[in-house]
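Okay, so here's the structure we're looking at.
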Amino acid sequence: MLFQTIEHSSEAELSEKGSRFIANFVPITEFENTLENLRVKHPKASHHVTAFRVISDTNQITENAKDDGEPSGTSGMPVLKTLIGSNLINVGMIVTRYFGGTKLGTGGLARAYAGASNLAIQEASLVDWKRIARLQYDASFALSSEVERQVKLAGLNVIDRSFTAEGVVFELEGAEDDLAKFQAALGN
């Protein structure tokens, strides 16, 4: 299955019957810090509803949603379903709500939270998710310039170069598919 993710956060706002729903869509690496900052930035907000999806090295997906005091199932799960429905991975969504005085009901809450989340997803620049891996590649001095050329062609990052009596040891990082193409190009 093709997953997508984001490299940069996005924000969107939805108003419903006087209530404000501010959705912050963030890379998972920024999730906890963003949640803490939003609690400080919006101390008078009624709720900070959260949802996230993460994929492990074994392709196991972990997902979680919290209603933060809203009626059970009316906020966190609708937000999580927007992430699932868009095939997003390694992302988090935080929807901050300011209560506007009019109760929305369970259906209204679910639509408003999902709507704010969808707006934040639409504002984001989605990128295809690729698993990042590392590879150690040993090359003779004679082959090292060809290795450097293939590294650039494959779009890999050189983390380290170590020189030995026999040649160069490259520590490379990149998408698993790109690492495989690099190895194939060099006949490995």
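The values are calculated or read from the model by the stated rules, or taken from the named source; none is laboratory data. Not measured: the values here are computed from a predicted model. Positions of Cβ are backbone-derived with ideal geometry, glycine not excepted, and every protein chain shown enters the neighbour counts.
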Residue hits (the stretch 156-188; among the hydrophobic types (A, V, I, L, M, F, W, C), in a helix (DSSP H, G or I) and surrounded by 14 or more Cβ atoms within 10 Å (Cβ to Cβ)) are 179, 180, 182, 185
Quick count over the stretch 78-88, residues being surrounded by fewer than 18 Cβ atoms within 10 Å (Cβ to Cβ) and among the hydrophobic types (A, V, I, L, M, F, W, C), is 1
Taking first residues from the stretch 115-135 that are more than 22 Å from residue 176 (Cα to Cα) and second residues anywhere that are among the hydroxyl-bearing types (Ser, Thr, Tyr), the pairs with Cβ under 7 Å that are 6 or more apart or on different chains are 117/82; 118/82; 120/10; 121/82; 121/86; 123/10; 124/10
For residue 148, the lone unmet condition from (1) free of Cβ contacts under 8 Å to residues at least 12 places away in the same chain; (2) acidic (Asp, Glu); (3) closer than 22 Å to residue 38 by Cβ is (3)
Residue set 153, 143; condition surrounded by 15 or more Cβ atoms within 10 Å (Cβ to Cβ) and hydrophobic (A, V, I, L, M, F, W, C); output residue 143
Within the stretch 155-183, residues more than 24 Å from residue 58 (Cα to Cα) and hydrophobic (A, V, I, L, M, F, W, C) come out as 158, 163, 165, 168, 169, 170
Taking the stretch 66-114 and keeping residues of a type in the set (A, V, I, L, M, F, W, C) and free of Cβ contacts under 8 Å to residues at least 60 places away in the same chain leaves 77, 79, 80, 83, 84, 109, 110, 114
Within the stretch 47-69, of all residues that are modelled with pLDDT of 95 or more and among the polar types (S, T, N, Q), the one surrounded by the fewest Cβ atoms within 10 Å (Cβ to Cβ) is 62
